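Heads up: the structure comes next, in C-alpha cells.
The values are calculated or read from the model by the stated rules, or taken from the named source; none is laboratory data. Values in this document were obtained by computation on a predicted structure and should not be read as measured data. Note: ideal-geometry Cβ built from the backbone for every residue, glycine included; neighbour counts use all protein chains shown. The protein model used for the area step is the full one, side chains on, heavy atoms only, and it has no ligands, DNA or RNA in it. Shrake-Rupley method; radii C 1.70, N 1.55, O 1.52, S 1.80 Å.
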Amino acid sequence: MKRANHFDTIADVFNRIWYFSDDYKDFIISHIHTDLALCSNDILADIGGGTGSFTSRLADEAHLLRAYCIEPSSAMCDEAAKLSNVTAVCSDAYTFLASQVPFTKMLFKEVIHHINDRENFWKSAYKSLPDNGKILIITRPQNIAFPFFEAAKIEFSRNQPSQEVLETQLRHGGFFITSHQRSHTFTLAKKDWYTMLRHRFMSDLGVFNDQEIEEGIVEIEQKHPGETIDILDNLIFITATKQL
Ligand SMILES: C[S@@+](CC[C@H](N)C(=O)[O-])C[C@H]1O[C@@H](n2cnc3c(N)ncnc32)[C@H](O)[C@@H]1O
C-alpha cells in the first residue's frame, strides 16, 4: 500500500493542485460518458476514484443509479465521503471486486499503474460484469509529454505499463477492446506548475526529495523561459466490453 500512502499525504490539497482547467475536466468527463455509454441504469465503480470529484460529476450528469468511489487512501476517501451522490468505499480494487458488490461499469482514471496482477483481476471483473458491461482505462503513454525534468520522465516511464500490454491483458480476460489516443493542451502559470511538482501531484514524483525537486525545477526553468508553461496531456482511453 506504499503508493496509497503517497495520496494520504496530499489528500487535503489534491483537488486544488490537480486543478488544470474547467475545459480539461469537461473534455475528460464527456469522453468517459461516451466511452462507457453511461445511462441511468448504470452502477459505476470508479476504482481509485481519489476525492470522488469525477465520480460525483458522472453520477450527476449521467443520472447514475449508483456511483461508488473505491479508494484505499483513507484521507482521500474521507473527502469522497462528503459528496452526497457518491458512495465512498475505503478499499483497494481487489478487495472491492472480491466483495461481489454489483456494478455495470468500471472506471480506472490514472490508476491502472497501481493495479498488480491485472490478468487475474480482469478475469474476475469479466465474471462480475453483466453482458455489455464496460471497463474504461484512462492512462498515459510511457513517454509522457508533460514538462517534467528528465529524471521524473524516466521514473514515470518505469512505473507505466504500455498500451499494448494493457490491451493484451484485457483481451486475455475475454474483453473486446477499442482504444483512442486523445490530447488536450493547456497553459498554466509556471508558479502553479511548480507548486504541483513540489506537492508531488503524481505518485511518480514521490521518490524525489525536496532538493531533487528544486533541481528539477531549475532544469525545467532553463528550457521554458517566460511566466507560463504549455502542458500537453496525451491520454490513452481503452474501453473493454464484455460481449457474450
Ligand atoms: C492519480 S490518483 C487518481 C484519482 C482519480 N481517479 C482522479 O483521476 O482524480 C490515483 C489513485 O489511485 C489510488 N490507488 C492506488 N492503489 C490502488 C489500488 N490498488 N486500488 C484502488 N485504488 C488505488 C490512490 O490512492 C489514488 O487516489
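When only residues in the stretch 68-90 that are more than 16 Å from the chain's Cα centre (by Cα) and of a type in the set (Gly, Ala, Ser) count, which is surrounded by the fewest Cβ atoms within 10 Å (Cβ to Cβ)?
84
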Kindly indicate which of 144, 137 is part of a strand (DSSP E or B), within 21 Å of residue 232 (Cβ to Cβ) and either touching a residue at least 12 places away in the same chain (Cβ under 8 Å) or open to solvent by 20 Å² or more (accessible area, probe 1.4 Å) (or both). 137
For residue 65, all conditions in the list (1) within 22 Å of residue 201 (Cα to Cα); (2) aliphatic (A, V, I, L, M); (3) open to solvent by 40 Å² or more (accessible area, probe 1.4 Å) hold save one; what is the number of the exception? (1)
Among the residues of the stretch 101-119, what is the count of those that are over 18 Å from residue 42 (Cβ atoms), part of a loop (DSSP other than H, G, I, E, B) and either touching a helix residue (DSSP H, G or I) at 6+ places or on another chain (Cβ under 7 Å) or open to solvent by less than 40 Å² (accessible area, probe 1.4 Å) (or both)? 3
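I'd like the full set of residues that are at positive phi and within 11 Å of the ligand (Cβ to nearest atom), limited to the stretch 95-117.
Residues satisfying the conditions are 110, 117.
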Which numbered condition trips up residue 46, out of (1) without any contact (Cβ under 8 Å) to a residue 60 or more places away in the chain; (2) in contact with a Cys (Cβ under 6 Å, 6 or more places away or on another chain); (3) not in a helix (DSSP H, G or I)? (1)
